[in-house]
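This report concerns only the one structure given below.
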């Protein structure tokens with residue numbers, strides 16, 4: 001009888017633990033999806049803009065209103081990363097996928113485009129520079145000079161760096177006058193032919209915003225580097241179907 005009572009107590013104590021382990025805790029995540037411009041296209045899918053249980057799947061696709069003049073370009077997450085260039089997007093609700101997704105359509109008027117990306121960097125340095133390691137950062141002018149966000153980093157080959165075209169800068173809402181103005185900062189490590197390294201930071205005096213493009217697809221800024229005695233030319237491009245398809 002005593003033995004049975006001991007076993008009963010052990011089972012009674014373990015029951016809450018077993019129940020908690022079996023049931024677990026329900027975790028919900030939020031995903032919101034919208035087109036960049038409702039006049040150019042729409043998003044078709046289920047469970048859009050609702051919080052769902054972790055592991056729930058969602059299938060999305062885009063519908064182009066003007067496929068000839070304004071085709072779909074890509075999916076952008078949280079106004080900062082290109083996650084796919086295909087028309088269909090499958091998502092699973094979890095901590096990595098939660099966030100805001102925008103289906104971007106090509107604009108007829110360049111000054112309405114909401115996103116730009118780094119195209120390339122031309123490091124115009126003397127022959128004694130072997131390579132340049134860098135990180136390119138940007139900050140909203142109203143956020144203070146210390147609030148910089150990493151846009152892209154890499155190593156220049158033969159003084160040239162071509163962008164991965166995955167990170168973007170948000171320029172504001174389509175068809176509206178926006179106040180999204182950015183400062184650009186380069187953190188660099190320059191290695192000369194002897195292997196000696198020099199690390200420093202340099203800021204661009206020009207401001208990047210929608211009007212910088214002046215209805216053009218590309219804009220370039222030249223930074224004078226008085227330390228390494230050279231120039232740095234940064235070229236940004238507004239997102240388009242042709243830009244992302246370039247080799």
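The values are calculated or read from the model by the stated rules, or taken from the named source; none is laboratory data. These numbers come from a predicted model, not from an experiment. We place every Cβ from the backbone using ideal geometry, glycine too, and count neighbours over all the protein chains shown.
Residue count for the range 25-51 under the criterion of being under 17 Å from residue 94 (Cα atoms) and modelled with pLDDT of 90 or more: the result is 7.
Among the residues of the range 133-152, those identified as modelled with pLDDT of 95 or more and over 18 Å from residue 79 (Cα atoms) are 133, 134, 135. When we screen 187, 231, 147, 216 for residues that are closer than 19 Å to residue 119 by Cα and part of a loop (DSSP other than H, G, I, E, B), the only hit is 216. Pick from the range 214-237 the residues that are modelled with pLDDT under 90 and within 16 Å of residue 106 (Cα to Cα): which of them is surrounded by the most Cβ atoms within 10 Å (Cβ to Cβ)? Among them, the one singled out is 217.
Scanning the range 66-83 for residues that are touching a strand residue (DSSP E or B) at 6+ places or on another chain (Cβ under 9 Å), loosely packed, with under 15 Cβ neighbours inside 10 Å and at negative phi yields a count of 3. Note on the range 234-247: residues that are under 30 Å from residue 126 (Cα atoms) and in a strand (DSSP E or B) amount to 4. With respect to the stated conditions, residue 88 fails to be surrounded by fewer than 18 Cβ atoms within 10 Å (Cβ to Cβ), in contact (Cβ under 8 Å) with a residue 12 or more places away in the chain and closer than 30 Å to residue 226 by Cα.
Kindly evaluate residue 69 against the criterion of being in a loop (DSSP other than H, G, I, E, B) and modelled with pLDDT of 95 or more. Against the criterion (in a loop (DSSP other than H, G, I, E, B) and modelled with pLDDT of 95 or more), residue 69 does not qualify.
Number of residues in the range 59-110 that are in contact with a helix residue (DSSP H, G or I) (Cβ under 8 Å, 6 or more places away or on another chain) and over 17 Å from residue 242 (Cα atoms): the value is 0. The listed residues are 64, 50, and the only one of them that is under 24 Å from the mean Cα position of the chain (by Cα), in the same structural domain as residue 97 (by TED's automatic domain parsing) and over 20 Å from residue 84 (Cα atoms) turns out to be 50.
Among the residues making up the range 52-66, those that are more than 13 Å from residue 92 (Cβ to Cβ) and outside any loop (DSSP other than H, G, I, E, B) are 61, 62, 63, 64.
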